Every structure is written in structure tokens, then in C-alpha cells.
Amino acid sequence: MKSYIISNSKSNPFLKTLYLRIFLFFLLIQIRSCFSSSPAPFIFPLKTQILRSPSKLQFQHNVSLIVSLTVGTPPQNVSMVLDTGSELSWVHCNQTTRNNQPDPTIFNPNQSTSYKPIPCFSPTCVNKTQDFPIPPSCDSDNLCHATLSYADASSSDGNLASDTFHLGSSGNISGLVFGCMDSIFSSNADEDSKTTGLMGMNRGSLSFVSQMGFPKFSYCISGSDFSGLLLLGDSNVTWLTPLNYTPLVQISRPLPYFDRVAYTVQLQGIKVSGKLLPIPKSVLVPDHTGAGQTMVDSGTQFSFLLGPVYNILRREFLNQTAGVLRVLEDPNFVFQGAMDLCYRVPLGKTRLPNLPSVSLVFTGAEMVVSGDRVLYRVPGERRGNDSVWCLSFGNSDLLGVEAYVIGHHHQQNMWMEFDLEKSRIGLAQVRCDLARQRFGVGL
């Protein structure tokens, strides 16, 4: 029968066209499977930790999201701050041990047989570091040397290298480029020593997610116990609430104050208890210098708004809480150097009164901040028998930052999906503690 069909198809144009289409169809499927395949998803538990982590903003008591994994051959344990606002992943390196015992917060490259430093004239050092804030240089050994500096005057520098990153039982990733930082300067070394490094997750070519080749990643932070999960790859779950997507804002030409590899979205407006604030649209879009972009940043705890917008929000929130909360009348107290609307709450009060919600309105999506997340209790701060709570939005002008920053404090109980393939961010309200249980992620 097979030979009959083939022989007759030579004289039958219809059959000839049909078999050609079938052949091309299966060929297209094979080509797609070869070129569109992405790594299998990986799931990590997230935990929060109070530390002074390197950041674009100045923090005194920063709560960071921590991912734990192992690096090198044989594997060494590292804890890394999850940071969608940074590109280069790095770990604290040292080639010595303390009392002949490995330091759990320091990676020793001499003990890893798969560790490879990167030469400064290599394509990686020359071509893939173009979005670094400070261009890399050559050290005395002709190795690629990187320097990172932050607004709080902390800094770190060291060499670019590659090594094997172990992603649990799911698999190993060899040759992943990172910074092996042997010099770290900070005004609070005790806090910095609690973590080994940083996991850069922005859209730069050397970020962790870009090197892994994942089309998307997601995370979810619980608002109750502040634990969560990080998912690298597609979630493919049916129980997840449908996401609302907002497109990423992309500007191809270099601008002095615009971070081209950040997750930039368009902030359309702000509501307080559903009331849309009278904010001019012109102050919500980047200007000709790039100042005024809105970045979603997991490496920053709170959210910060440019001065004119912050003042409008501050004034409305103050009006809506008049008679409900007692304002802290202390002009010399500014929490985190940018949060100047604070309140006195009696220490014996177990619950805050009903608070106005604050909604950040983006193109196609909305992030609602409600309940206790609108305020933040300042650790260790008291006035007589009162604790001090501050509005969890700050004035970025006071920090010298020309941008809007959406921190992870306002992303609690939100499923946050970063879709690199389609250049968008998806979000939906969800119980992140239950999501962690559904994925079977422990701490």
C-alpha cells in the first residue's frame, strides 16, 4: 500500500501537495523542539533575613530575600540576596580558612576544582559587561576585575570567574559567570557577614537568569511568616490565579539616569482607598535624561517615589488617617533617610486600626497595598509607651535616586512573574504560604 501511494502521488498533484505539507508540519515541530526548549524549572525556598545588604539605596535595617544553594566542586554552601535590580551575581571569596575550618559565609575558590578566573581580554569581559555601572578593568594578572559601589558608600570588588552552580537535586549548571569578591567595604560588617553574596536577576547578559536561559521566573513572598519560594522557569500550574500583565518599558539608546536592563514598568497613577490622586502624567514617565523610570526591585525592601508624587501621597494619607492615628511630631526623625510620615502607636495595642489602602496603578495591572503593609514598625524605636510606625513609602529625592522603586515589602502575597520572553511582568494576589505548600517547598 505504501509503495502504491507513493507511486501514484507522482501523478496526483493533490496527494503530492498533501504529503509535502505533512512533511513540513512534522519538520517544523522538530525544529521548534530543538530551538525553543528551555531548562526544566527549578524551585527554591526563599527566606527573609534582617541584614545590611548592598543596595542602590541607603538602608540601616534592611530585610532581604535569601536563596541558599551550593557552588563549586566539591560544593560549598552559599546564601545569596535575590535582587532583580542587579546584574552580576557575586559571592564573598577568600582563599584562607579560619582555624582550619571553612567559613560558611565565604566561598574559597582554591577548594573548587571547577573554578576558572576570566581573562580581561576574553569576550565575556569585553562584550558582556557593557551594562555594568563601572566598566571592568585588568588586574595585575590580566584577569577581569569588577568593582561594585552602592549609595550607602559600601562597595565590593574582585575578579569575574566561572564555576558550577548546583541547583539541588534538579541538576548542575557549569560555567556560570559570577563575581568572586575578595574585598568588601561596609560600615556594618557584622550584618553583612550573615550572607555570602548576591544573585543578580535583571535583564543583563550576565545576570543569573539570563545565563541560565530561562524564559521567565517567579517568586512569591508570604505576608504572614515572610517565607516564600523562587521558581526558575514556567510554573505550569492550573490553580494559580490568572495574572494581570504590564509590559516592560524599554529604551534602546543609553540615557544617563535610565537603567536599560532593569525591570521597568509604567506607573499610571496612585490611589488611596480607591481615590485616584491628582498626579500629573508627565512626572510618571522618564524624562529626556531617563530620570523617572519605575523599577520593580526585589533587592529593595520598601517603595520609593519621586518627591512631587511622594508629597501628594503623604498629604492624602495624612488626611485619611486624621483622628485615627497619632502623628509622630519629630522633624528630626526620618526612617531610612526617606520616610518622614510616622505615627505613635501604644505598645499594648495588638492590632492597628483599619488603614487606607494604597494602590499602584500600572499599564494593565494594579498592585494593592493594604492592611499592616501600608505601615512599618521601626525596629527598636520607642517614644515613651508608644512604638513608632512609618508609612512604608519613602521619598527617593532624599536618597538622591532619580527613579520610582517598587520594593518587596509591597510585593507580599503577590505572585510576581518576570516574563523575559514576552517582556512583561505578571502579578496576582495569592496566599504565598499556601502556594509554597502546593509546590512542596520547605524551609
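The values are calculated or read from the model by the stated rules, or taken from the named source; none is laboratory data. This is a predicted model, so every value here is computed, not measured. Every residue, glycine as well, gets a Cβ built from its backbone with ideal geometry; the counts of neighbours run over all protein chains shown. All accessible areas refer to the heavy atoms of the entire protein, side chains included, with ligands and DNA or RNA removed. Shrake-Rupley method; radii C 1.70, N 1.55, O 1.52, S 1.80 Å.
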Item to check | In sequence order, calculated HN-Hα J values of segment 261-276 (Karplus, 6.51, -1.76, 1.60; Hz; x Gly/Pro) | outcome: 9, 7, 8, 9, 10, 9, 7, 8, x, 9, 10, 10, 6, x, 8, 6
Checklist entry - In what sequence, largest accessible area first, do Thr73, Thr124 appear using a 1.4 Å probe? => result Thr73, Thr124
Checklist outcome for this item: Ignoring ligands and nucleic acids, Val388 exposes an accessible area, probe 1.4 Å, in Å² to the nearest 10, of 0
Checklist entry - Around Leu230, which amide H atoms from residues at least 5 apart in sequence, or from another chain, sit under 5 Å from its own amide H, with H modelled in the peptide plane? => result Phe44, Leu46
Checklist entry - Any idea what log10 I(q)/I(0) is at q = 0.21, 0.32, 0.33 Å⁻¹ for segment 394-441, Debye with uniform C-alpha scatterers and no solvent? => result -0.86, -1.10, -1.12
Checklist entry - Out of residues 5 or more away from Gln268 or on other chains, whose amide H comes under 5 Å of its own, with H placed 1.01 Å from N in the peptide plane? => result Val361, Phe362, Thr363
Checklist entry - Separation between the Asp225 and Glu381 pseudo-spin-labels, each 7 Å from Cα along Cα→Cβ, expressed in nm? => result 2.9
Next on the checklist: Amide H of Phe107 versus every other amide H placed in the peptide plane: which residues, excluding those fewer than 5 positions away on the same chain, fall under 5 Å?
Outcome noted: His92, Cys93, Asn94
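Is segment 286-443 best put as rounded, prolate or oblate by its Cα gyration tensor, with a ≥ b ≥ c the root eigenvalues, rounded for a/c under 1.5, and otherwise prolate when a/b is larger than b/c, oblate when not? Walk me through the numbers before you get to the answer.
Values: a/c = 2.03, a/b = 1.25, b/c = 1.62.
Oblate.
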Checklist outcome for this item: Inter-part gap, Cα centre of segment 317-387 to Cα centre of segment 199-249, in whole angstrom, is 29
Checklist entry - Simple spin-label model, 7 Å along Cα-to-Cβ: Ser68 to Thr113 in nm? => result 2.7
Item to check | Backbone N within segment 386-417 under 14 Å of label point (7 Å from Asp287 Cα along the Cβ vector) | outcome: 397, 401-404
Item to check | Tyr257 accessible area, assembled protein chains, probe 1.4 Å, Å² | outcome: 130
Next on the checklist: Net charge within 10 Å of Asn202 by Cβ-Cβ distance, Lys/Arg positive one each and Asp/Glu negative one each, not counting Asn202 itself?
Outcome noted: -3
Next on the checklist: Solvent-accessible area of Ile251, probe 1.4 Å, all protein chains present, reported in Å² to the nearest ten, please.
Outcome noted: 40
Checklist entry - Which percent of the accessible area of segment 295-337 is formed by carbon and sulfur heavy atoms (probe 1.4 angstrom)? => result 50
Next on the checklist: How charged is the neighbourhood of Leu229? Take every other residue with its Cβ under 15 Å from the Cβ of Leu229, and add Lys/Arg as +1 and Asp/Glu as -1.
Outcome noted: +1
Next on the checklist: Just to check I understand the Karplus step: with θ = phi - 60° and J = 6.51 cos²θ - 1.76 cosθ + 1.60, what whole-Hz values come out for segment 78-91, glycine and proline as x?
Outcome noted: 9, 10, 10, 6, 6, 9, 6, x, 10, 9, 6, 6, 8, 10
Checklist outcome for this item: Counting only protein heavy atoms with a 1.4 Å probe and every protein chain in place, the carbon and sulfur fraction of the accessible surface of segment 393-434 in whole percent equals 43
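At 1.4 Å probe radius, can you tell me the per residue accessible area of segment 204-272 in Å²?
On the way: 2670 Å² over 69 residues.
Computed with neighbouring chains in place, this is 39 Å² per residue.
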